[in-house]
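The values are calculated or read from the model by the stated rules, or taken from the named source; none is laboratory data. Being a predicted model, the structure only gives us computed values, none of them experimental. For neighbour counting, all protein chains shown are included, and Cβ atoms are generated from backbone atoms with ideal geometry for every residue, glycine included. For the accessible areas, the whole protein counts, side chains as well, though only heavy atoms, and no ligand, DNA or RNA atoms are used. Shrake-Rupley method; radii C 1.70, N 1.55, O 1.52, S 1.80 Å.
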Amino acid sequence: MERQLSIDTLRKIATASAALVKGNSVQPIYDHVLIEDQRVVLGNATTQLEWFLDEEDRSFGFAPEAYPARDLERIAKSLPDAAQVQFGEQGQIRCGRSRFRLPVYDGAQYPVREEPLPSAWIRVQTQDLERIFPSLRRCAAKNDARTYLNGIHWQIRRVGQQEASLLVLEATDGHRAARFSLEYTPPLDSANDDSAASQGDCSPQGDCSPQGDCSPQGDCSPQGLDAILPVEGLSAWMKLLSSRKIAEFSIAQIRSGVLFQGGGLRLWLTSLDGHYPSLDTILAQLEKRKDVLSLSIADFQRALTLATIGVGESQAVTLSTAPEHLLSVAAKGEERQAEDQIPAQWSGSLPLRYSFNIQYLMDVVDSVKETTKGSEDTEDPHMALRFDVSEKDPTSTFAEVPGGVLVVMPIRE
């Protein structure tokens, strides 16, 4: 029995596998893509994507097989546009005069995630997450022994005195942090969720137990969402949303983590182990920061770029106020130094002198530009950094952005 896929569909599968299948897995079968009658499954032990095929790409009676992901990617790139690809038994693939035979696994051997689907979902707008995700990704740790810092913390919580809840996303590596709040559509029944993978069976396959142990928090509804999700899996999800132009998606918590779905895609992400550190104490200091440095984003970025050219990205840069409303941006290496003065408004009564990792400040500038894009009417948008220069030891420095706040720790001199 053969099945036919368009080259466009095969290239989409290749895009998904490039994002999720890393190769050299401990379990070799995770280096493969499972192609079934109505869906494609790929991922690894902690991240799994189910892609429900469009009506024209479905096939009935096709024996599921798992194909090497990298080989499918190379084939997809080499075939001409508008081609039709035929998949036969035992790994045989043909397109016109081209013939391939790949080593495959029987589809029954592929470890497809089997877990009851939740009965209620919340909806999030893709553009809201696209605006803040780069900032969160920068602040998350990389290969930290504290595995929970390598992820992004998702939580539904009440913010301040508001009665309504918000979806709060935060990340930190211990030297910098970011927190954003997003609005979401309240829980809705999956049977009425048109953003769910409607091409597949999205009806609940199981119910919460009478004790309500549907999630680690013991809450059967998305109101109990509280999970630390791996950055790589989230990055892959963002690429898929962008490539397929999916405007909104749905989220629900499951026993092992969080389930995302929309536009015919369903992504299972396993939560990272550990208890995420609370940022509330640090963020509560924001209101106490009365000393504000306001300056042009373009000027600040230029000064930091010159410092990076002068001494490299790994060095520290010192910010200090100068007469006539100027900010001095200076950096020194073993044999190099760079300095620039730019216009700035400083509201503090004491002079400012703080040192930072150059790259951290560059990241703050990038985050401010990304999160304020489209919200500024002026041709030369400004940014504001909040300090407290009255304290002896360097403390958290804040930058407020729409819907969130960025934090960067100075260097002790």
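Calculated FRET efficiency, Glu313 to Arg113, Cβ-Cβ distance, R0 = 60 Å: about 0.90 to the nearest 0.05.
Tell me, how many Å apart are the Cα centres for the stretch 252-270 and for the stretch 382-413? Taking the Cα centre of the stretch 382-413 as reference, the centre of the stretch 252-270 is 35 Å away.
Between the stretch 44-119 and the stretch 1-40, the alpha-carbon centres lie 5 Å apart.
Here the extension length gained between Thr147 and Arg101 equals 12.5 nm, from 0.36 nm per residue of separation less the Cα-Cα distance.
A probe of 1.4 angstrom, applied to the heavy atoms of all protein chains, finds Tyr184 with accessible area near 40 square angstrom.
The candidate values were (i) 32.4; (ii) 20.5; (iii) 24.7; the one computed from these coordinates for mean projected area of the Cα convex hull in nm² carries the label (iii).
Under the rule a/c < 1.5 gives rounded, and otherwise a/b versus b/c splits prolate from oblate, where does the stretch 310-363 land using the Cα gyration tensor? In terms of gyration-tensor shape, prolate. Surface analysis of the chain yields an accessible area of 48 Å² per residue, using protein heavy atoms and a 1.4 Å probe.
Using the Cβ-Cβ distance between Asp37 and Leu283 with R0 = 51 Å, the FRET efficiency computed as 1/(1 + (r/R0)^6) comes to roughly 0.55. Above 17 Å, the calculated P(r) of the stretch 32-89 contains 45 percent of its Cα-Cα pairs. Electrostatic tally near Glu56: other residues with Cβ closer than 15 Å to its Cβ, Lys and Arg +1, Asp and Glu -1, net -1.
Over 27 Å apart at the Cα level, from the set Lys288/Lys369; Lys142/Lys245; Lys142/Lys239; Lys245/Lys373, are Lys142/Lys245.
Ranked by the mean number of other Cβ atoms within 10 Å of their residues, highest first, the peptides 355-362, 21-28 come out as 355-362, 21-28.
Against the chain, whose longest principal axis is taken from its Cα atoms, helix 358-372 shows a tilt of about 70°. Legend: P(r) of the stretch 340-413 from all alpha carbon pair distances, 5 Å bins from 0, whole percents, reading 3, 13, 23, 25, 20, 11, 4, 1. Here the Kirkwood formula, the inverse mean of 1/r across different C-alpha pairs, assigns the stretch 228-302 a hydrodynamic radius of 16.1 Å.
Per-residue extension of 0.36 nm, minus the Cα-Cα distance of Ser6 and Glu55, leaves a gain of 16.4 nm for this segment. Let me check against my output: what whole-number percent is the relative contact order of the stretch 15-100, with C-alpha pairs under 8 Å and at least 6 apart? The value is 23 percent. Projected onto their three principal axes, the Cα atoms of the stretch 1-139 cover extents of 48, 33, 33 Å, largest first. Model label sites at Ser235 and Arg302, defined 7 Å from Cα along the beta-carbon direction, differ in position by 3.2 nm.
For the chain, the longest principal axis of the Cα atoms and the long axis of helix 126-139 meet at an angle of about 60 degrees.
Relative to the dominant Cα principal axis of the chain, helix 231-243 is inclined by about 70°. Spatially, the stretch 293-320 and the stretch 339-357 are offset by 11 Å when compared through their Cα centroids. Stretching the chain fully between His325 and Asp173 yields a gain of 51.4 nm (0.36 nm per residue, less the alpha carbon separation).
With all protein chains in place and ligands, DNA and RNA left out, the 1.4 Å accessible area ranks Glu56, Glu115, Glu324 as Glu324, Glu56, Glu115, largest first. Only protein atoms count toward the accessible area here, which uses a 1.4 Å probe; on the chain, the carbon and sulfur part of that area reaches 47 percent. Per-residue ellipticity at 222 nm computed for the chain from its helices equals -6500 deg cm²/dmol, with DSSP H segments shorter than 4 residues left out and the rest contributing -39,500 (n - 2.57).
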